[in-house]
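Peer 1: Sending over a structure as structure tokens; questions will come in a sec.
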Amino acid sequence: METPLYLDHAATTPPLQVALDAFSAAVETAYANPGSLHQAGATAARSVERSRRALQRAFGAAQYRVIWTATGTESNHLGIQGMARAVRGRFPAVTPRILVGAIEHPSSSAAAKVLEKEGFRVETIPVDARGIVTAAALGPMLAEDVAMISLQWANNEIGSLNPIAELVSLVRNKAPKAIFHCDAIQAVGKCSTALDALGADCFAVAAHKLGGLRGCAAFLLREGSPLPQPLFVGGGHEGGLRSGTENTMGIAAFAAAAKARRELMLAEPQFLHSRRQALLTGLREYFPDLTVLGPEQTAEQLGAVLAIAMPGIRAETFLHILESNGVYVGSGSACNTHGHSESAVLAAIHLAPDLRNSVLRISFSGYETAADVKKTIAAFVKSAAEFKG
């Protein structure tokens, strides 16, 4: 039986072989606790530090300190709750405001919402129809009472890219006491821009979105920025910012995967956009009425994501038909995974209500071949015929 084609990499991506090799090597050579004083512990500690430097190089983050965490969600919480609590004292006479993008991942928006109970006011930054926060939208919201801005670099549902460097510059000028946190979980390993060039105070990243293993992530903190208030206390690991024994094997795998992704971007800068465009061109031949979500311009797109609305189909049903025809994709349907609430993303970009249950998200690793693209198009055509009966 032919192996199904997996095109749901925005949810998680299978580990790269180099990551598995690095994990296995660490199991054999860096198995000890990095905090132990004997030689085996020192070997493990050196492995963690090598991986830390490798991640900085892979993400172009020489100006950032790498703090290892377990998940992207934890990194977003450390960046939002930890940093907001750290700067609360800057605003003794006012209610500090936290500004959060309208289509942020729940790990960011929910983390910010919790801070309302601690005396912060949380406000939503609107996006345009492309799913982008513009300077024109953010600028009027900025003032001396803004404590934090939290924005994603790339949206996980529709692939829109926020102009982070431009927005960081705007914030520095109009709200100089504010922290700028960026959720870069979907973008790193898929966008070539160095984090140093973006300039946010802190970034959240996660291994399993780029070919590492689940259970390992990182929080990147710009040198000179305030230290976040730790979420976990105990043994004082990671300079006291994240207690808990380091996941030495997962860290090694993360660094190896990030290095491989960087090398791929350098060798083939348009490796994701070319696959996205080839698939979109092919699908439009058979489905001329499909709607593409997100920006039209390549510079504003995450090449790894193609989100489409197909009139007349129900995404939840259609993706299972696609699965039976050998292709896995994700759904950007109007309901979340529990089926109870409307997608904040689709509502925020004002997608027509009759299309909100017809959204499919196709997301690439960048290793797909021309044959894979043809297989996907054929599976869509066959599945559409089966859906219509």
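Peer 1: Anything in region 304-338 that is at pLDDT 95 or above, assigned to a loop (DSSP other than H, G, I, E, B) and either within 16 Å of Phe364 (Cβ to Cβ) or outside the structural domain of Val292 (by TED's automatic domain parsing) (or both)? List them, or say none.
Peer 2: Ala304, Val329
Peer 1: How many residues, within region 293-309, are touching a strand residue (DSSP E or B) at 6+ places or on another chain (Cβ under 7 Å) and either among the aromatic types (Phe, Trp, Tyr) or at negative phi (or both)? Give the steps one after another, and end with the answer.
Peer 2: Our first condition is that a residue be touching a strand residue (DSSP E or B) at 6+ places or on another chain (Cβ under 7 Å); within region 293-309, this holds for 293-295, 300-302, 304-309.
Those left that are additionally either among the aromatic types (Phe, Trp, Tyr) or at negative phi (or both): 293, 295, 300-302, 304-309.
Count: 11.
Peer 1: Oh, and also: Out of the residues in region 217-266 that are surrounded by fewer than 18 Cβ atoms within 10 Å (Cβ to Cβ) and among the hydroxyl-bearing types (Ser, Thr, Tyr), which is nearest to Arg88 (Cα to Cα)?
Peer 2: Ser243
Peer 1: If you take the residues of region 269-284 that are touching a residue at least 60 places away in the same chain (Cβ under 8 Å) and surrounded by fewer than 19 Cβ atoms within 10 Å (Cβ to Cβ), which of them is nearest to Gly366 (Cα to Cα)?
Peer 2: Ranking the candidates gives Pro269 first.
Peer 1: Among the candidates Glu49, Glu74, single out the residue that is in a helix (DSSP H, G or I), more than 23 Å from Glu263 (Cα to Cα) and either among the acidic types (Asp, Glu) or not assigned by TED's automatic domain parsing to the domain that holds Ala217 (or both). Show your work before the answer.
Peer 2: On the way: Glu49 fails: more than 23 Å from Glu263 (Cα to Cα).
That would be Glu74, the only listed residue that is in a helix (DSSP H, G or I), more than 23 Å from Glu263 (Cα to Cα) and either among the acidic types (Asp, Glu) or not assigned by TED's automatic domain parsing to the domain that holds Ala217 (or both).
Peer 1: Oh, and also: Which members of region 103-139 meet the condition of being touching a Pro at 6+ places or on another chain (Cβ under 8 Å), in contact (Cβ under 8 Å) with a residue 60 or more places away in the chain and either surrounded by fewer than 19 Cβ atoms within 10 Å (Cβ to Cβ) or of a type in the set (D, E, K, R) (or both)? Lay out the reasoning, then the answer.
Peer 2: Of all residues in region 103-139, those touching a Pro at 6+ places or on another chain (Cβ under 8 Å) come to 119-121, 130-135, 137.
Going one step further and asking which of them are in contact (Cβ under 8 Å) with a residue 60 or more places away in the chain, we end up with 130-132.
The one that is touching a Pro at 6+ places or on another chain (Cβ under 8 Å), in contact (Cβ under 8 Å) with a residue 60 or more places away in the chain and either surrounded by fewer than 19 Cβ atoms within 10 Å (Cβ to Cβ) or of a type in the set (D, E, K, R) (or both): Arg130.
Peer 1: Can you tell me which residues in region 91-102 are surrounded by fewer than 16 Cβ atoms within 10 Å (Cβ to Cβ) and closer than 18 Å to Gln229 by Cβ? Explain how you work it out, then say what you get.
Peer 2: Let us first name the residues in region 91-102 that are surrounded by fewer than 16 Cβ atoms within 10 Å (Cβ to Cβ), namely 92-95.
Correct list: Pro92 only.
Peer 1: List every residue pair whose Cβ atoms lie under 7 Å apart, where the two residues are 6 or more positions apart in sequence or sit on different chains, the first residue falls within region 163-176 and is in contact (Cβ under 8 Å) with a residue 12 or more places away in the chain, and the second residue, located anywhere, is outside any loop (DSSP other than H, G, I, E, B) and among the small types (Gly, Ala, Ser).
Peer 2: Between residues of region 163-176 that are in contact (Cβ under 8 Å) with a residue 12 or more places away in the chain and residues that are outside any loop (DSSP other than H, G, I, E, B) and among the small types (Gly, Ala, Ser), the close pairs are Ala165/Ala197; Glu166/Ala135; Leu167/Ala135; Leu170/Ala135; Leu170/Gly139; Lys174/Gly139.
Peer 1: Would you mind finding the one in Gly79, Gly139 that is within 23 Å of Asn173 (Cα to Cα), assigned to a helix (DSSP H, G or I), touching a Lys or Arg at 6+ places or on another chain (Cβ under 9 Å) and of a type outside the set (Val, Ile, Thr)? Quick ask: steps written out before the conclusion?
Peer 2: Working: Gly79 fails: touching a Lys or Arg at 6+ places or on another chain (Cβ under 9 Å).
Result: Gly139 is the single residue among Gly79, Gly139 that is within 23 Å of Asn173 (Cα to Cα), assigned to a helix (DSSP H, G or I), touching a Lys or Arg at 6+ places or on another chain (Cβ under 9 Å) and of a type outside the set (Val, Ile, Thr).
Peer 1: Restricting to region 225-251, and then to whatever is out of contact with any strand residue (DSSP E or B) (no Cβ under 7 Å at 6 or more places or on another chain) and hydroxyl-bearing (Ser, Thr, Tyr), can you tell me which residue is nearest to Ala86 (Cα to Cα)?
Peer 2: Looking at the filtered set, the residue picked out is Ser243.
Peer 1: Select from region 288-306 the residues that are polar (S, T, N, Q) and without any contact (Cβ under 8 Å) to a residue 40 or more places away in the chain and list them in ascending order.
Peer 2: Passing the criteria: Gln297, Thr298.
Peer 1: In contact with a helix residue (DSSP H, G or I) (Cβ under 6 Å, 6 or more places away or on another chain) and charged (D, E, K, R): which single residue out of Asp183, Asp201, Asp196 fits that description? It would help to see each step written out before you state the result.
Peer 2: On the way: Asp201 fails: in contact with a helix residue (DSSP H, G or I) (Cβ under 6 Å, 6 or more places away or on another chain); Asp196 fails: in contact with a helix residue (DSSP H, G or I) (Cβ under 6 Å, 6 or more places away or on another chain).
Within the list Asp183, Asp201, Asp196, the selection yields Asp183.
Peer 1: Here is a follow-up. Please pick out the residue among Ala62, Ala86, Ala19 that is in a helix (DSSP H, G or I), within 16 Å of Ala255 (Cβ to Cβ) and among the aliphatic types (A, V, I, L, M). Even if it seems obvious, please write down each step before you answer.
Peer 2: Details: Ala62 fails: in a helix (DSSP H, G or I); Ala86 fails: within 16 Å of Ala255 (Cβ to Cβ).
Of the residues listed, the single one that is in a helix (DSSP H, G or I), within 16 Å of Ala255 (Cβ to Cβ) and among the aliphatic types (A, V, I, L, M) is Ala19.
Peer 1: Of everything in region 269-303 that's hydrophobic (A, V, I, L, M, F, W, C) and in a helix (DSSP H, G or I), which residue is farthest from Ile185 (Cα to Cα)? Step through it out loud before you land on a result.
Peer 2: Going through region 269-303, the residues hydrophobic (A, V, I, L, M, F, W, C) turn out to be 271-272, 278-280, 283, 287, 290, 292-293, 299, 302.
Checking the rest, the ones that are also in a helix (DSSP H, G or I) come to 271-272, 278-280, 283, 299.
Details: Phe271: 19, Leu272: 16, Ala278: 25, Leu279: 24, Leu280: 24, Leu283: 28, Ala299: 18 Å.
So the residue we want is Leu283.
Peer 1: Now a separate question. Restrict the check to region 228-249 and report whether at least one residue is within 24 Å of Ala143 (Cα to Cα) and among the charged types (D, E, K, R).
Peer 2: no
The values are calculated or read from the model by the stated rules, or taken from the named source; none is laboratory data. Since this is a predicted model, take the numbers as computed values, not measurements. Cβ: placed from backbone, ideal geometry, glycine included. Neighbour counts: every protein chain shown.
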